[in-house]
Structure formats: C-alpha cells, structure tokens
Amino acid sequence: MDEQRGRGCPGPPRSGPPGWRQGPPWWRLRGPDEPAAAGRRLPWLTTVLLTAFIQIGTGFAAHGQPERVGVDGFARALLLLASGSLLLRHRHPVAVAYVTAGATLVYLGAGYPYGPVLLTVAVGCFAAVVAGHRRAAWGAVGLWWAGQILVTQVLYRWLPPDGDGALGWGEELVVAVWVVATVAVAELARTRREQWAKERAERALAARRRADEERLRMARELHDVLAHSISVINVQAGVGLALLDSDPEQARTALTTIKAASKEALGEVRQVLDTLRAPGAAPRAPAPGLDRLPELVEQAGSTGLTVTVTREGRDGPLPPGVDLAAFRIVQEALTNVVRHSGSRRARVLVRRAPGSVTLRVDDDGPATGADAGGSGNGLAGMRERAAALKGTIEAGPRPDGGFRVTAVLPTTGAARPGRDRHDDQ
C-alpha cells in the first residue's frame, strides 16, 4: 500500500525498481496523508517466521551448550513472549523494546542457553529507533546490557546452572560489539529513512510548484486570447448595431468578423486547455508566434485600427518560448490600443539582435477614459511573460503624446530554461 502511494506522488520520472528512492515501506516516515501507526497492519508474517526461527534455533543451540539449563516450558514461554511482542513493534515500539529486553534478560538469568533469542532485542531496538524513539531504544538496550553484565559477572553465583563461572571478558567484548552494531544499524536506517522522507517532501513541493506555474501559464494564455478576441468582437458588435439600419452590408461584414474572431478564440482556448488531456498526447496545433503577426494586423484592421509592422535585423526562427511570449505581448499591446486609445493608428517594431529580440508598440493616443496602455491584468501579464524569460518590459506615456510598450526578450541562455515542456500544447 505504501509503495503504491509513493508511486502515485507527482514528481519527476524515476529510474530503478518501484520504491527505490523511497526505501522499504517500513522505513518511511509517516506523511500527513498517511494513516497513523495505530492504523497500520500488524506484521504477522515476519513475526511468525521470526518466532519459528527462534523456537527451532534455540533447540539446536541447547545441544551445543550442555552446561546450560535445558529448554523447558518456562523457557519456551519466555521465547514466545519476546518474539510474540514484536507483532506490536510498529504500534508500540517503546513498550516492545523494553519487553524484549526484559524477557531476554530473564531468559539468560534463568541459565538457559544463548541463542537466537538475542535477535528479539535487536529487532525491538531497530523498530524503536526507526520510529523516532531513539532514547527509549538506547535505554532498553543499555538496561539489557547492564543487566547482562550483572548476571554474568556478579549474580551467576546464585543463579542457575550450578557451578557456572563468570563469563570471560572476551565473550563480553563480543556481546558489546553486537550491541554497538545493533544500535549503529538502527541509526543508519533512521538516517536513511529521514533522508527519503525529505526527498519525498521536496518532490511533492516541486510538483505543487509546477502545477501552480502551469495554472498561472494557462490563466495568462486565456487572458491574452480572450481579451484580444473579445475586444475585436465588442468593437465589431458596436459597428454592426450602429450600421444595421443604414448600411446592412457593412453590418454583415462586422458580423462576419465577429464570427471569425470568436472561432479563432475558441480554437486557441482549446489549444491552451489541451494541456489537461491525457499525458503523452501530441499537441493538436502549433503554438502561435511572430509569424502570425499578419493575422493580428488583419484583426486590428477589422476594428478600424491601422497597424504598421517594421522588422529590423536578421530573420530566422526564435526559440518557441520566446516566440510565443513575443506574439502575446504584441497581441496584448494592440488589444489595449483598441480598447483604451482614441488613436486609429499603431506601429509595431520587431528588432532582432544577437541574443535578443526587441518589441515596440506605439500609438498616438489620446486615452479614452483610461490610460492608453490599458489597466488590470494586461500589463501585469506582459511583465510576467518578460520576467519568465529574464527579459524586461517598459510601458508608459510618450513625451509627445500617445503610449509606448517596449519589451526586450533574450533569445539565448536564460531564455530557454523559462520554457516549460508543457507550454502551448
């Protein structure tokens, strides 16, 4: 279940087998969308297998230690208590760590043979450390170690088996190495688990950031498309209404322009919304660019605005992201002239230079009830497009009257990373 949830998280493609970056499900930190430890399934399979291994392995260990007390019913009960408590190691890791340490210490104090029962302490400590209860795990292991030294070096005189001697310090060193190794492995697992959780959170944050950027991009595209087309439709509707009785033929032309503008707007809206289709599908239409400037000029002409386009510098294709941004900036600037300027003439300059393209849109004004450059989201959208490509944009009144919009967009280096791979699909 955890692996499936990990694979379902948005983020960049990963190589390797499923769960390779997240780690085993039982190493992971619980996220805000995952159930609490109390709701996790009990590890029945591993607990049963470990219990069987300990019960059987202890029998073999007893044959190799005839000087120790034979394994009887009480020993089997202690073994079952120690291994069986591991069933709750995910829900109650601290309690399990102390139960395994205590049961194992009683088992050794009763004189029963050394053997795989020590695995229960290791697993209990491991589960507590990985769950974040480091001090409790160290405390349980420390108490077990201190109790084991007390039994083997002091209390052995009064504990079974009879005639038992103190455990050699070489053997105590082996026990110490085993304890240190257990704690070290548990700490390594905890560190890796926290690292995987951090990477997982960073991937989720990056995915949310990409989704926010995509929503902003789509909103900007829709604003640019609809603002331009609706401005054309509004002007032509006014012309049609004014001429409906006196000049039906001119009114028919205005209605034809409205039909064409609305059809184009619908097509571009569908193109923008195509980014929501199934992943991997091919774009249905190319993204608009400066090669479509004649269409903008024609549409502006249908509203009574005469647009003159001047090109300077070398020709050649622009990077797709720059080409789209340049088209939208010119489109928004002309839309603002139609909506907010009393001028019926506009001039567009496209200047290509090594490493950049400069766009300049001028009109002679005056403003009609608002600044000739427009207001609201139009200029903000143009600035966002330029900033996304590490370009600049200036907009404001000209000293001799009218309004000017000037944008400089880099065409190399910083311009390319700003382009998202989903743009304009």
Practice task
Scan region 44-102 residue by residue and report those that are among the polar types (S, T, N, Q), over 40 Å from the mean Cα position of the chain (by Cα) and open to solvent by 20 Å² or more (accessible area, probe 1.4 Å).
Solution key: 51, 55, 65
Practice task
Could you tell me whether residue 115 is over 32 Å from the mean Cα position of the chain (by Cα) and part of a helix (DSSP H, G or I)?
Solution key: no
Practice task
From (1) modelled with pLDDT of 80 or more; (2) surrounded by fewer than 22 Cβ atoms within 10 Å (Cβ to Cβ); (3) over 19 Å from residue 219 (Cα atoms); (4) among the aliphatic types (A, V, I, L, M), pick out the condition that doesn't hold for residue 388.
Solution key: (3)
Practice task
Just need a number here: residues in region 398-425 that are open to solvent by 30 Å² or more (accessible area, probe 1.4 Å) and modelled with pLDDT of 90 or more.
Solution key: 3
Handout entry: Evaluation of residue 122 against (1) among the aliphatic types (A, V, I, L, M); (2) over 24 Å from residue 164 (Cα atoms); (3) open to solvent by less than 10 Å² (accessible area, probe 1.4 Å) (one fails), failing number
Key = (3)
Problem - Verdict on residue 232 being open to solvent by less than 30 Å² (accessible area, probe 1.4 Å) and either of a type outside the set (S, T, N, Q) or within 30 Å of residue 256 (Cβ to Cβ) (or both) - result: yes
Problem - Residue identified as of a type outside the set (Gly, Ala, Ser), in contact with a Leu (Cβ under 8 Å, 6 or more places away or on another chain), assigned to a helix (DSSP H, G or I) and open to solvent by 50 Å² or more (accessible area, probe 1.4 Å) among 106, 180 - result: 106
Problem - Residue list for region 153-176, restricted to those being more than 17 Å from residue 67 (Cα to Cα) and charged (D, E, K, R) - result: 172
Exercise for the section: Keeping to region 323-370, report how many residues are of a type in the set (D, E, K, R) and part of a strand (DSSP E or B). Expected result: 7
Completion exercise
When residue 305 is run through (1) over 21 Å from residue 226 (Cβ atoms); (2) aliphatic (A, V, I, L, M); (3) at pLDDT below 90; (4) open to solvent by less than 20 Å² (accessible area, probe 1.4 Å), the failure sits at (1)
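The values are calculated or read from the model by the stated rules, or taken from the named source; none is laboratory data. Fair warning: this is a prediction, and the values are worked out from it, not measured in the lab. Note: ideal-geometry Cβ built from the backbone for every residue, glycine included; neighbour counts use all protein chains shown. The protein model used for the area step is the full one, side chains on, heavy atoms only, and it has no ligands, DNA or RNA in it. Shrake-Rupley method; radii C 1.70, N 1.55, O 1.52, S 1.80 Å.
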